[in-house]
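Structure first, commentary second.
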Amino acid sequence: MKLQIRKATLALALSVISLPSSILVAPVQAQTYSASVSKAQPSKTKQFFRKHEVVRKATIGAGVGTAAGAVTGLIAGKGMVRGAALGAGTGAAVGVINGNKTMARHPIIRDMATGTAVATGITMAATRGRGSASKTVKGAALGAALGLGAGLFRDKLR
């Protein structure tokens, strides 16, 4: 057994010696590492939304409105996709109203406009067919009144 191991080792050594020298010698590559501390920059999307507050609020409003409109359309039986599309537009409008600097200086008007937009969107998602325009106007008027009442309770009547 020892003799077989010696013969195998000798055969291996002879085969390595007979190889060309270019295969045996591998080039040595130097690796350098440098470490530095840097603050991670926020993504371009985050930078955009920080600069454009109204767009951010409109986007969030559209997302919430999509869900609310889809549920309204599903419950009313008028179509979930139709309700989602109307809800997205309504939510974006509410986001723009709430993000507007002029409306921030006039909270009563802002509350009425928000209520009107929300009630109009819900009414449009829930109705379809004959007499829907008059129902939408009635819903918008009711929404304006509810928005005004909610705003007064929140701000003035503490």
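Please verify whether segment 37-51 includes one or more residues that are surrounded by 15 or more Cβ atoms within 10 Å (Cβ to Cβ), outside any loop (DSSP other than H, G, I, E, B) and at pLDDT below 90.
yes
Is one or more of the residues making up segment 37-51 under 29 Å from residue 115 (Cα atoms), touching a helix residue (DSSP H, G or I) at 6+ places or on another chain (Cβ under 7 Å) and of a type in the set (D, E, K, R)?
Scanning segment 37-51, I find no residue that is under 29 Å from residue 115 (Cα atoms), touching a helix residue (DSSP H, G or I) at 6+ places or on another chain (Cβ under 7 Å) and of a type in the set (D, E, K, R), so the answer is no.
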Taking segment 105-133 on its own, how many of its residues are modelled with pLDDT of 90 or more, in a helix (DSSP H, G or I) and surrounded by fewer than 16 Cβ atoms within 10 Å (Cβ to Cβ)?
-> 4
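Out of curiosity, is residue 56 in contact with a Phe, Trp or Tyr (Cβ under 6 Å, 6 or more places away or on another chain), of a type outside the set (Gly, Ala, Ser) and in contact (Cβ under 8 Å) with a residue 24 or more places away in the chain? Lay out the reasoning, then the answer.
Details: in contact with a Phe, Trp or Tyr (Cβ under 6 Å, 6 or more places away or on another chain): yes; of a type outside the set (Gly, Ala, Ser): yes; in contact (Cβ under 8 Å) with a residue 24 or more places away in the chain: yes.
Here the answer is yes, as residue 56 does meet what is asked.
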For residue 68, are the conditions met, namely being within 17 Å of the chain's Cα centre (by Cα) and touching a residue at least 40 places away in the same chain (Cβ under 8 Å)?
-> yes
Taking segment 52-78 on its own, how many of its residues are more than 28 Å from residue 104 (Cα to Cα) and surrounded by 14 or more Cβ atoms within 10 Å (Cβ to Cβ)?
-> 7
Within segment 79-102, which residues are over 18 Å from residue 140 (Cβ atoms) and either surrounded by fewer than 19 Cβ atoms within 10 Å (Cβ to Cβ) or without any contact (Cβ under 8 Å) to a residue 12 or more places away in the chain (or both)?
-> 79, 80, 81, 82, 85, 99, 100, 101, 102
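Could you list, in sequence order, the residues of segment 67-115 that are basic (Lys, Arg) and within 24 Å of residue 156 (Cα to Cα)?
Of the residues in segment 67-115, the ones basic (Lys, Arg) are 78, 82, 101, 105, 110.
Result: 101, 105, 110.
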Which ones in segment 90-115 are farther than 19 Å from residue 52 by Cα and small (Gly, Ala, Ser)?
-> 113, 115
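The values are calculated or read from the model by the stated rules, or taken from the named source; none is laboratory data. The structure displayed is predicted, hence computed values, not measured ones. Using ideal geometry, Cβ is built from the backbone for each residue, glycine included, and neighbour counts are taken over all protein chains shown.
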